[in-house]
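Read through the structure below, which is laid out as structure tokens, and then see the notes.
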Amino acid sequence: MIDVRNISYHYHGGQEVLKNINFTLERGQFLAILGNNGVGKSTLLKCLNRILKAESGAFLLDGENILKMSNHEIAQRIAFVSQNVANTQMTVHDVVMLGRRPYMKWGFTEEDHKIVHDAMHRLNLEPLRGRFLNQLSGGERQKVMLARALAQQPKLLLLDEPTSSLDIHNQYQVLKIVRDICHNDGLTAIVVIHDLNLALRFCDRFLLLRRGEVYAQGDYSVLSPETLKNVYQVDGKILDVEGRKMVFVEE
């Protein structure tokens, strides 16, 4: 259970970016954070992971206030996948193994290796385990970073625009993997994403930000014509196309 209460943040010398953000999320759900550029979507993720320090509020994960924890304790509960993947000369196996660092004492154990191999197997990365990260395509690198996050065995997975630089095949593959892990394993995930149709295809819940505040939250029904107009300044509606929900925007 995730309970975010009154999270606020502003950058040094700038205006307030987030204003009293509140939302809840049940275990196993996949939430999309939506809104125009500059409304604080990525900032909110970084506040939840304490990459940025929120000025006020609390973030409870299964009753524990994450904002009061050490970075080491947070890393045992939350994994973060950025849109930018380092182009480094490390092997796929070694990169995924970094996900076990929050649990490491004197070295990696057999259990650590098993968890890493399971994560790579889940994303079909075993054929690439000896390849260097800088030899891989963008989609392959993003899957490696997702495997590293899964190797952390987190309760919550945070993804900051993970599909922004991927082709359509890899966009669908990465988000389907996350959705299936949420529904089958009980992992909870939050993704910042711009593509409304991808969000509708793979996510269960939706949080829309406008001017640094929560405008609406809930299931797909919150993406009403009024919401699309007020948040995105477009005339649109949700259509049912061959059993799937899609956003139709009028010219």
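The values are calculated or read from the model by the stated rules, or taken from the named source; none is laboratory data. Small disclaimer: the values here were computed from a predicted structure and weren't measured. Ideal geometry is used to build each Cβ from the backbone, glycine not excepted, and the neighbour counts take in all protein chains shown.
Observations on the structure shown:
- Selection of the stretch 198-229 for residues being out of contact with any strand residue (DSSP E or B) (no Cβ under 7 Å at 6 or more places or on another chain), under 21 Å from Ser42 (Cβ atoms) and assigned to a helix (DSSP H, G or I) yields only Leu198.
- Ala189 being modelled with pLDDT of 95 or more and surrounded by 21 or more Cβ atoms within 10 Å (Cβ to Cβ): yes
- Of the set (1) in contact (Cβ under 8 Å) with a residue 12 or more places away in the chain; (2) assigned by TED's automatic domain parsing to the domain that holds Glu111; (3) among the acidic types (Asp, Glu), all apply to Glu161 but (2).
- Within the stretch 8-17, none of the residues are hydrophobic (A, V, I, L, M, F, W, C), closer than 21 Å to Leu157 by Cβ and over 14 Å from the mean Cα position of the chain (by Cα).
Condition check ((1) over 17 Å from Leu209 (Cβ atoms); (2) of a type in the set (Gly, Ala, Ser); (3) not assigned by TED's automatic domain parsing to the domain that holds Asp204) across all residues:
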| residue | (1), (2), (3) |
| --- | --- |
| Ile21 | no, no, no |
| Gly35 | no, yes, no |
| Gly40 | no, yes, no |
| Leu60 | yes, no, no |
| Asn65 | yes, no, no |
| Val95 | yes, no, yes |
| Tyr103 | yes, no, yes |
| Gly107 | yes, yes, yes |
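- Exactly one residue out of Val234, Val247 is farther than 13 Å from Leu34 by Cα, modelled with pLDDT under 90 and outside the structural domain of Glu16 (by TED's automatic domain parsing), and it is Val247.
- Top-ranked residue in the stretch 216-231 [being within 25 Å of the chain's Cα centre (by Cα) and under 15 Å from Met246 (Cβ atoms); ranked as surrounded by the fewest Cβ atoms within 10 Å (Cβ to Cβ)]: Ser221
- The single condition among (1) assigned by TED's automatic domain parsing to the domain that holds Ile2; (2) buried (at least 20 other Cβ atoms within 10 Å of the Cβ); (3) not hydrophobic (A, V, I, L, M, F, W, C) that Asp195 does not meet is (2).
- Filter result for Ile74 (closer than 30 Å to Arg5 by Cα and hydrophobic (A, V, I, L, M, F, W, C)): yes
- For the stretch 41-91, a residue qualifies if it is in a loop (DSSP other than H, G, I, E, B), in contact with a Cys (Cβ under 9 Å, 6 or more places away or on another chain) and either buried (at least 18 other Cβ atoms within 10 Å of the Cβ) or small (Gly, Ala, Ser) (or both), and exactly one does: Ala54.
- Within the stretch 106-123, the residues that satisfy the criterion of being in a loop (DSSP other than H, G, I, E, B) and either surrounded by 13 or more Cβ atoms within 10 Å (Cβ to Cβ) or of a type in the set (A, V, I, L, M, F, W, C) (or both) are Trp106, Phe108, Thr109, Leu123.
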